[in-house]
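The values are calculated or read from the model by the stated rules, or taken from the named source; none is laboratory data. No experiment lies behind these values; they were computed from the predicted model shown. As a convention, Cβ positions derive from the backbone with ideal geometry for all residues, glycine included, and neighbour counts pool all protein chains shown.
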C-alpha cells in the first residue's frame, strides 16, 4: 500500500479533471480514522478552485487501519 485511497465521485459535468489539476483534502487522516464515507475536497485548476465531494465507501476497517499505519508491514509490526 502506498497510501492511495480509492476515492470515487458522483458524475458531475462541472467537475472535469485535467492534467496539472490538484485535489486538496484537509483532515483526511481524521476522516479515514472516523470511517467517513464522504469527504469534502478542493479541486484546484488553472481556472480557479471548486469544492467537490469525494466518496470513500469501499474500505473495510482493517484496510483503514493499514492505511493509518502507513503500510501493511507497519500494521503487522504494531500487532
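Any idea which residue in the range 7-26 is nearest to residue 56 (Cα to Cα), counting only those that are part of a loop (DSSP other than H, G, I, E, B) and at pLDDT 90 or above?
7
With the requirement that a residue be at negative phi, in a loop (DSSP other than H, G, I, E, B) and either surrounded by 12 or more Cβ atoms within 10 Å (Cβ to Cβ) or touching a strand residue (DSSP E or B) at 6+ places or on another chain (Cβ under 6 Å) (or both), what does the range 49-70 give you? Outline the logic, then answer.
Step one: of the range 49-70, the residues at negative phi are 49-69.
Remaining after also requiring in a loop (DSSP other than H, G, I, E, B): 56-60.
Matches in the range 49-70: 56, 59.
Here are the criteria: (1) assigned to a helix (DSSP H, G or I); (2) exposed (fewer than 13 other Cβ atoms within 10 Å of the Cβ); (3) under 12 Å from the mean Cα position of the chain (by Cα). Tell me which single one residue 32 does not satisfy.
Here residue 32 meets the rest and fails (2).
Within the range 1-22, how many residues are without any contact (Cβ under 8 Å) to a residue 24 or more places away in the chain and more than 24 Å from residue 74 (Cβ to Cβ)?
5
Quick check on my filter: what residues within the range 29-48 are touching a helix residue (DSSP H, G or I) at 6+ places or on another chain (Cβ under 8 Å) and on the phi > 0 side of the Ramachandran plot?
Result: 35, single match.
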